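The values are calculated or read from the model by the stated rules, or taken from the named source; none is laboratory data. The structure displayed is predicted, hence computed values, not measured ones. With ideal geometry, Cβ positions are generated from the backbone for all residues, glycine too; neighbour counts draw on all protein chains shown.
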Amino acid sequence: MASREVVDFFRSRKLGKGRLLQKLKAALLSANAVLDDAEEKQMTNDHVRKWLDELKDAVYDADDLFDEIATEDLKREAGVEPRALVCKVWSFAADARRSKLGDELERVLERLESVVKQREVLGLGEVIRERTPRVTTSLVDESGVFGREKDREAVIQLLLSDRGEKNTSVMAIVGMGGVGKTTLSQLVFNDGAVKGSFELRAWVCVSDQFDICKLTATALEEFSSSSKKETENLDQLQLQLKNFLTGKKFLLVLDDVWNEDSNLWDAFLQIIVTTRNKRVASVARAVSTYPLRKLQDEECWDLFTKHAFDEHNFEAHTRLEDIGQRIVKRCDGLPLALKAIGSLLRCESDIREWEKIAESYIWNLAPAKDGILPALLLSYHYLPPQLKRCFAYCSVFPKDCIYEKDQLILLWMAEGLIEQPNESGTLEESRSLLHRVRDVESSFSMHDLVNDLARYVAGRSFFSLDGGNAHRVSSSTRHLSFVRTHYDVVSRFRVLAGAMNLRTFLPLNVAHVRLCEYNLLTDEVLHVLLPSLRRLRVLSLSHYWKISTLPSSIGCLKHLRYLNLSYNESLIRLPDSVTALYNLQTLILAYCRSLIELSSNMGSLTCLRHLDIRDTSLNRMPLGMNRLKDLRTLTNFVVAENGETRVREIGELGNLMGTLSVQGLQNVDSYRDAEIVNLREKRYLKKLVLEWGSNNNITQQNNLNILDKLQPHWNLRELTIISYSGRSFSDWLGHGSFSNMSVVHLESCKHCVSLPPLGQLPSLERLMIEGFDGVTSVGTEFNGSNCISFQSLKYLEFTDICSWKEWACFAIETGGLAFAHLQELCIRNCPQLSGGLPSHLPSLTALSIGRCPQLMSSLPFAPLLREIKLDDCGKVSGVEPLLNGTELRDMKIWNLSTLPLSCDSLISFPLEIFPSLKDIKLLGIKNLEHLANSDGLLPTSLTSLHISFFENLTSLNSRALHSLSSLENLSIIGCPKLHSFPKEGQILPASLTSLSIYFTGLKSLDNLGLHHLTCLKEFRIDFCFNLRSMPAEGLSSSLSNLFINKCPMLAKRCQRKKGKDWPLVSHIRCIVIEGVLVT
């Protein structure tokens, strides 16, 4: 409110030479003096709580008026001035507007003063004190858990014990909020004994919205590791879940359950339920209930000191121990309270501040009807005023919502709660109430009880369309959020008719509601509702894919600071009126793949700080981008042909940070323009992409000169160079001074004849090189002059290097130090590569070589190898030494003319030498006739076997296949000589759940023993033209899905009620023949 424009406005003669400004200051100072006292007393006095809401309303109204004043000034700065012929009319209109604003300010200040005067009636006084500095998942940081080992053992014993005749059972962990039910469930879920006892495990966060349809779909997705939900019909979903789980031992955790309707539990089948409500455990018919106790004194102290002193620093704070012990007793054994208060005191060493918290009267408050713990109230109470407002704004996020750090900071900025992005330290200061999700540095969430606290302190200014509100929508409603649905129809928003002062319009996603690929929003929101919300500061329309254009009325939202239109597949261009949003700070257009241009006058948005245009179809930037001096984020800059966009404009944007992608560098005429870009001084850039176009006609020397001048700052962490057409790279690329560079990607640099010395980069972890047509050898120039090359590299990929013949890496392997930490090596489509692979990669876990038909090299020795993929890679040798002693779990082999084993002829494949394999894919091995030799067996660990395009495969070894007791998925594709199965009884294992047979010469399905496969759920038969009938013994009663396609004789025999084989298949729930559902 104290901006220069507002002060100037108040001091104008038409407003009494600052009289209103003085009155405003007096009113705000009076309110601020008693604010701390009011926030404490609102917990026990509803009249004080209402007074706070009235005060917020008055301040919001004043803030909106002051913002209009500041916006008028921004218009003038942007050059929106009248022409000479209409100057007098313009001046008259401006005076009229000022006079009207003055009248409105008089009314607002009168209201503010009236509210402030009520402080005396309410007994509010000044409090003098110094400033004191949930969605759940199955993952848990066990280092932060204390006192739950016995609980874990007890719950596991209950879980794994045989409960009698029932195939399924429910156990409940019951306890008050914050006692640690979720943490205990996470410990149990991740326990090794539990993992080994259940074939399938799934974790579902339920929360207070118990939607049985969504819950069933989420459980199905978790169990099947699939994000595809083909139906929203509850009956079909439950059938799918039942069919998938039948015959399997599974564990389902339902965390944070509130619903007491016993009928809803009929849908679910060992289940762990966490709940605060004992009745939930009863109606769920829990076989066992585990009441979770509070922590013991010693355990409480350990947890508190971890958060207050970071454990190892405790000895330096022994004088605080007595006070700390008193505080710990106040927390009453609740882990959530201990964490909150411990984090609050983490940076505080003043014994007086500890005493204030230990003796606070808030401890004596009974938990409110909202269930808010006194410890959480204390954490909030001792936050600085600015952080209180930031925390209250977090009530806009629903329970179970995970929000990104950067998103939250931009929203706080838009609401004027923080000024600069570097004030993100507020998140660190708020850690007593917000916590990081898992180990993800940039993601946060709130415990349910903390979310309740945020909603409580936010009062009536926040509203959710999804329910859980303590107030109705009114003119006092300032912030709106809602969870997107597939169809957001007009009726959903009719409740907003009275919310004319709305500041935030924010659709969100939560963990238990899967984000639809295509969300649709009613046009009435765009063309009727939004234009009426003139005070909006935050507007998000992200993930609504059918918004092809915005109404021009968007330009009337003069207060707008944050506009998010990301993930819109239909948006082509923005209306010119967008450039009238002079207050706009953040514009997000990421993944609007149809967007071809920005508004021509973007330079007028002088307040813009963040412009995200990733993955769009922009072909140029508008002129004047250099006027955006405050720009921090500019994800992409497209240089157009014919000088329509000048790359030198980037040079004037000195505050850029994060990611910058410069595209169209082939259109830069002079290296002097590249020099003016001045990337060397942009120290806050973390990721840089330099991209030339495919039609690069400038000389190779000019390309090199431009690249020389585009040298970034040493702080850069990630670098990508695309379609560079010079013969060599600049000296700076690979220089050891880039000590922070961890990722390098070089793509389609077709004229380069050598690679830069990337081995010198000490922190390089990921390196991708693809599309180098001129490189014939990779050797010492790649390694650089370091005695230890690639000392940190973990992932290395070479792709589409068509002339590469030799990798001379052996020359640098002195002492076995090169590539010592390499975990993944991938070489694809290098048709002339013949040899020179590293001989020893001690840390390698995954090796992939594909489309390298000339390769004659021995494979590297890799004792930690877990995954190998070979595809058309010539006559590589050394597979047996490579695999000896390894625990290979995943093998994929394609199109090998000679099997990479010491077999003289490719007639059999002894897979039994790989005892830990889980997944095998074998494709296009032309001479293979048998999968196993006559004596050997396939590895019994297999869960998936895929056999494709074996031209000479004539039989399957029945003994080998039947021994696969863990096999779930079997695919046989493209084996024209496989006509029948041997008459040796059942050859398929009983564990099979999915069977696919495509493009074979099969004439009969007899001898497969399909009727004995009691776990089989899905059977697919495609392009088996000679297949005449179903097996005479029939199909398994467990089969729920049968698909027949391009099998004319079989399809005819399986026609509904008419085919001869219909009695053999009629029990199957879903039968699809030639794409038609016949059941």
If you go through Leu1050, Leu1042, Leu992, Leu970, the only one that is assigned to a loop (DSSP other than H, G, I, E, B), under 47 Å from the mean Cα position of the chain (by Cα) and under 22 Å from Ile947 (Cβ atoms) is Leu992
Of (1) touching a Cys at 6+ places or on another chain (Cβ under 9 Å); (2) at pLDDT below 80; (3) in a helix (DSSP H, G or I), His307 satisfies every one except (1)
If we keep only residues of region 619-666 that are over 31 Å from the mean Cα position of the chain (by Cα) and polar (S, T, N, Q), then the residue surrounded by the fewest Cβ atoms within 10 Å (Cβ to Cβ) is Asn642
Looking across region 560-584 at residues that are in a loop (DSSP other than H, G, I, E, B) and of a type in the set (S, T, N, Q), the single one that is farthest from the chain's Cα centre (by Cα) is Asn583
Of a type in the set (A, V, I, L, M, F, W, C), modelled with pLDDT of 90 or more and over 33 Å from the mean Cα position of the chain (by Cα): does that describe Leu755? yes
Counting only residues that are within 14 Å of Trp804 (Cβ to Cβ), at pLDDT 90 or above, within 37 Å of the chain's Cα centre (by Cα) and not charged (D, E, K, R), region 827-848 contains a total of 3
Selection from region 616-658 of residues in contact with a Ser or Thr (Cβ under 9 Å, 6 or more places away or on another chain) and acidic (Asp, Glu) yields Asp630
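Which of the residues spanning region 43-68 are closer than 24 Å to Leu502 by Cβ, within 40 Å of the chain's Cα centre (by Cα) and not acidic (Asp, Glu)?
Arg49, Lys50, Leu52, Leu55, Lys56, Ala58, Val59, Tyr60, Ala62, Leu65, Phe66, listed by residue number.
The rows are residues; the columns are (1) outside any helix (DSSP H, G or I); (2) small (Gly, Ala, Ser); (3) within 28 Å of Ala458 (Cβ to Cβ).
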position	(1), (2), (3)
Arg494	no, no, yes
Pro531	no, no, yes
Leu536	yes, no, yes
Ser548	yes, yes, no
Lys558	yes, no, yes
Considering region 736-747, residues that are crowded, with 18+ Cβ neighbours inside 10 Å and part of a loop (DSSP other than H, G, I, E, B), and then whichever is farthest from the chain's Cα centre (by Cα), we arrive at Phe738
Worksheet item: Is one or more of the residues making up region 532-553 surrounded by fewer than 17 Cβ atoms within 10 Å (Cβ to Cβ), of a type in the set (S, T, N, Q) and closer than 22 Å to Val396 by Cβ?
Response: yes
Sole miss for Lys41 among (1) in contact with a Phe, Trp or Tyr (Cβ under 8 Å, 6 or more places away or on another chain); (2) within 29 Å of Ala375 (Cα to Cα) is condition (1)
Scanning region 149-173 for residues that are at pLDDT 75 or above and either more than 16 Å from Leu251 (Cα to Cα) or in contact with a His (Cβ under 8 Å, 6 or more places away or on another chain) (or both) gives Glu149, Lys150, Asp151, Glu153, Ala154
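Table: residues versus (1) within 23 Å of Thr246 (Cβ to Cβ); (2) outside any loop (DSSP other than H, G, I, E, B); (3) not β-branched (Val, Ile, Thr).
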| residue | (1), (2), (3) |
| --- | --- |
| Phe981 | no, no, yes |
| Tyr998 | no, yes, yes |
| Leu1027 | no, no, yes |
| Val1072 | yes, yes, no |
- Query: Is it true that some residue in region 563-570 is at pLDDT below 90 and within 23 Å of Gln585 (Cα to Cα)?
  - Reply: no
Among Ser461, Ser445, the single one that is small (Gly, Ala, Ser) and at pLDDT 80 or above is Ser461
Considering region 439-478, residues that are in a strand (DSSP E or B) and of a type in the set (Ser, Thr, Tyr), and then whichever is surrounded by the most Cβ atoms within 10 Å (Cβ to Cβ), we arrive at Ser445
Restricting region 506-524 to residues that are within 18 Å of Val396 (Cβ to Cβ) and at pLDDT 85 or above, the one surrounded by the most Cβ atoms within 10 Å (Cβ to Cβ) turns out to be Leu508
Counting only strands (runs of 3 or more DSSP E) wholly inside region 600-711, the ones holding at least 3 residues that are within 25 Å of Ala414 (Cα to Cα) are 610-612, 658-663
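If I go through region 1064-1073 residue by residue, how many of them are under 40 Å from the mean Cα position of the chain (by Cα) and closer than 19 Å to Leu1005 by Cα? Quick ask: steps written out before the conclusion?
Quick first cut of region 1064-1073, residues under 40 Å from the mean Cα position of the chain (by Cα) only: 1068-1073.
Checking which are closer than 19 Å to Leu1005 by Cα leaves us with 1068, 1071-1073.
Adding up the residues that qualify gives 4.
What about Phe1025, is it within 23 Å of Lys921 (Cα to Cα), at pLDDT 85 or above and not assigned by TED's automatic domain parsing to the domain that holds Leu241?
When the stated conditions are applied, Phe1025 does not pass them.
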Filtering region 515-557 for residues that are more than 20 Å from Leu502 (Cβ to Cβ) and of a type in the set (Gly, Ala, Ser) leaves a count of 2
